[in-house]
Amino acid sequence: MLHHVYILESEDGRHHFVGLTNDIERRLTEYNAGYVKHTAKFRPWIMRTVIGFDDRAKAAAFEFYLKTGSGRAFAKKRF
């Protein structure tokens, strides 16, 4: 099973969100339907970056890194 680390961007480009899932299409649908309270007020969301991992632990570690200050700077520069 493939695990995806993703970066969402609000349609207005002012908000970003990093997450981890094994069903990327379902997850984006949930965000745009407003099921996730934390992100509902910034929808609609656009999937900007998706990176697949075979190992869930490595995916979780990369997601955690992207949520740090240096990880956000890395993502802004690279993605």
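Restricting to segment 1-43, and then to whatever is β-branched (Val, Ile, Thr) and under 16 Å from residue 63 (Cβ atoms), can you tell me which residue is surrounded by the fewest Cβ atoms within 10 Å (Cβ to Cβ)? Step by step, filter segment 1-43, then rank; the result is 36. Can you pull out every residue in segment 18-48 that is hydroxyl-bearing (Ser, Thr, Tyr) and in contact with a Lys or Arg (Cβ under 9 Å, 6 or more places away or on another chain)? Within segment 18-48, 21, 31 qualify. Inside segment 1-11, residues that are in contact with a His (Cβ under 8 Å, 6 or more places away or on another chain) and either of a type in the set (Asp, Glu) or outside any strand (DSSP E or B) (or both) make up a count of 1. Do we have residue 39 as touching a helix residue (DSSP H, G or I) at 6+ places or on another chain (Cβ under 6 Å) and either in contact (Cβ under 8 Å) with a residue 12 or more places away in the chain or outside any loop (DSSP other than H, G, I, E, B) (or both) here? It is true that residue 39 is touching a helix residue (DSSP H, G or I) at 6+ places or on another chain (Cβ under 6 Å) and either in contact (Cβ under 8 Å) with a residue 12 or more places away in the chain or outside any loop (DSSP other than H, G, I, E, B) (or both). Determine whether residue 14 is assigned to a loop (DSSP other than H, G, I, E, B), more than 26 Å from residue 1 (Cα to Cα) and either at pLDDT 95 or above or more than 11 Å from the chain's Cα centre (by Cα) (or both). Answer is yes for this residue.
Yes or no, residue by residue, for (1) more than 14 Å from the chain's Cα centre (by Cα); (2) in contact (Cβ under 8 Å) with a residue 40 or more places away in the chain; (3) closer than 24 Å to residue 30 by Cβ:
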residue	(1), (2), (3)
48	no, yes, yes
59	no, yes, yes
63	no, yes, yes
68	no, no, no
73	yes, no, no
76	no, no, no
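The values are calculated or read from the model by the stated rules, or taken from the named source; none is laboratory data. Only a predicted model underlies this, so the values are computations on that prediction, with no experimental measurement involved. We place every Cβ from the backbone using ideal geometry, glycine too, and count neighbours over all the protein chains shown.
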